[in-house]
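Written out below as structure tokens is the structure these notes cover.
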Amino acid sequence: MTERLYDQDPYLKEFTARVVRKTDRGVVLDRTAFFPTGGGQPCDFGTLNGHDVTDVVDEGGDVLHVVAEEVVGEVHGLIDWERRRDHMQQHHGQHLLSEAFVRVAGAATSSFHLGEDESTIDLDKAVGPIDVERAEALANMVVVENRAVKVGLHTPEEAKALPLRKPPPAGETRIRVIQVGDFDTQACCGTHPRSTGEVGVIQVTDVEKGKDGSRVRFVCGFRALKEARENARVVRELGRKLSVPRVALEMALERVLADSADARKALNAAERALAGHAGRELAARGKIVVEAFPGKGLEYIRVVATELVKTPGKVAVMGGAEALVLARSADVDLDLRPVFKEAVALIQGKGGGSAMFVQGGGPGKDVAAALKLAEGLIRAALV
């Protein structure tokens, strides 16, 4: 079994070891400071004899190292410390945040994932903005207090006597427990700092409510600093573009959105007027009016057709951007639904309507073929 040096000293950056087994995937050492992927935490990166370690896998009692080049005999290992420190900040921050949600909202963590840019915890119940604010504040208070983080190995019987947040894993003869005074006690295989102060800051970035609970996105330590810098940059840039200071940014943005909504309404009204005008002009053509409007959507075409068939004796066959509309005047004796069904199939679409007016669309691009088919069927029916 590989001796796991990170269990005793997560701050160990260099070590020496011996290759005891080679596989087609990598090498197993007699001891290692490389943490393998597990418990929601990604593995460490680094080098063995100067060669990149690209993956570290837990294989029961052994730790397998995937190395870019072959290594044999005695090896010198070097951990990517920046990555290790980041993972310790995120993982321990998760412990504190998970316990905080239990205390303020009675929401337990069902799973945890440490990603490259942010981490997530899934809670077993929905939490509101006040719960999130209180949990974030409580977790950061424990960080500010710089409480000691203790790591201990216990038998299953000893672990059962501890105030664990979740039951320990079954089948283990020795259970590793991370404890922060009387605030949090949890069985965990991951790497953690010596004190809570090393987590830096815990920042919740988003909360998504699901059917069975909530997913909380968060960052800690230097990631939180990066997040704050990016947020500040975005605020400055928005302020510059809107020519307002930060305190007036929200009001200015609301004004821009209101102006945009008004402009959109005016544009839609103008578009409808233009469509109506087009329909009246097209009514001067023959009985069956076939027209394609490239780039126009269903709403525009619908208005054109509606205006056109106000003139007696007219049938409109019109298409646009993945859209198809068939319409007739009230005095034309024709059920357009079976015609539409055949035509819309050419653009892999669907839709519906009445005998006088049917509309729909689909992802197919051959609108011209659909129009031609519809025209032919209508002419045949009106003979």
If you scan region 1-19, which residues turn out to be open to solvent by 80 Å² or more (accessible area, probe 1.4 Å) and assigned to a strand (DSSP E or B)? 3, 14, 18
Can you confirm whether residue 361 is in contact with a Pro (Cβ under 9 Å, 6 or more places away or on another chain), of a type outside the set (A, V, I, L, M, F, W, C) and crowded, with 20+ Cβ neighbours inside 10 Å? no
Criterion (of a type outside the set (Lys, Arg) and under 25 Å from the mean Cα position of the chain (by Cα)) met by exactly one of 243, 214: 214
Do you know which residues across region 20-40 are open to solvent by less than 60 Å² (accessible area, probe 1.4 Å) and either at pLDDT 95 or above or more than 35 Å from the chain's Cα centre (by Cα) (or both)? 23, 27, 28, 29, 30, 32, 33, 34, 35, 36
Mind checking which residues of region 303-323 are touching a helix residue (DSSP H, G or I) at 6+ places or on another chain (Cβ under 9 Å), open to solvent by 30 Å² or more (accessible area, probe 1.4 Å) and not in a helix (DSSP H, G or I)? 310, 311, 321, 322
Residue pairs, Cβ under 6 Å, 6 or more apart or interchain, first in region 94-109 and assigned to a helix (DSSP H, G or I), second among the polar types (S, T, N, Q) and open to solvent by 10 Å² or more (accessible area, probe 1.4 Å). List them. 95/186; 98/109
So residue 49 ticks every box in (1) modelled with pLDDT of 95 or more; (2) open to solvent by 60 Å² or more (accessible area, probe 1.4 Å); (3) on the phi < 0 side of the Ramachandran plot; (4) polar (S, T, N, Q) but one. Which box is left unticked? (3)
Residues that are in a loop (DSSP other than H, G, I, E, B) and either open to solvent by 50 Å² or more (accessible area, probe 1.4 Å) or closer than 11 Å to residue 357 by Cβ (or both), drawn from region 324-338: 329, 330, 331, 333, 335, 336
Odd one out for residue 82, checked against (1) open to solvent by 70 Å² or more (accessible area, probe 1.4 Å); (2) under 26 Å from residue 150 (Cα atoms); (3) part of a loop (DSSP other than H, G, I, E, B): (3)
Give just the number: which of (1) under 20 Å from residue 381 (Cα atoms); (2) surrounded by 13 or more Cβ atoms within 10 Å (Cβ to Cβ) does residue 300 not satisfy? (1)
Quick one: how many residues across region 170-207 are at negative phi, part of a loop (DSSP other than H, G, I, E, B) and either exposed (fewer than 14 other Cβ atoms within 10 Å of the Cβ) or among the aliphatic types (A, V, I, L, M) (or both)? 5
I'd like to check something: does region 254-266 contain any residue that is under 43 Å from the mean Cα position of the chain (by Cα) and in contact (Cβ under 8 Å) with a residue 12 or more places away in the chain? yes
Against the condition touching a Ser or Thr at 6+ places or on another chain (Cβ under 8 Å), under 22 Å from residue 213 (Cβ atoms) and not in a strand (DSSP E or B), how does residue 142 come out, does it pass? no
Can you name every residue in region 208-259 that is in contact with a Ser or Thr (Cβ under 9 Å, 6 or more places away or on another chain) and on the phi > 0 side of the Ramachandran plot? 213
If I filter region 267-292 down to residues being open to solvent by 30 Å² or more (accessible area, probe 1.4 Å) and within 21 Å of residue 374 (Cα to Cα), which single residue comes out as nearest to the chain's Cα centre (by Cα)? 292
Considering only region 209-222, I want to know if a residue exists there that is more than 28 Å from residue 35 (Cβ to Cβ), charged (D, E, K, R), open to solvent by 60 Å² or more (accessible area, probe 1.4 Å) and part of a strand (DSSP E or B). yes
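The values are calculated or read from the model by the stated rules, or taken from the named source; none is laboratory data. Everything numeric here is computed off the predicted structure, so don't read it as measured data. Cβ coordinates were reconstructed from backbone atoms using ideal geometry, including for glycine residues, and neighbour counts include every protein chain displayed. These area figures cover heavy atoms from the full protein model, side chains too; ligands, DNA and RNA do not enter into them. Shrake-Rupley method; radii C 1.70, N 1.55, O 1.52, S 1.80 Å.
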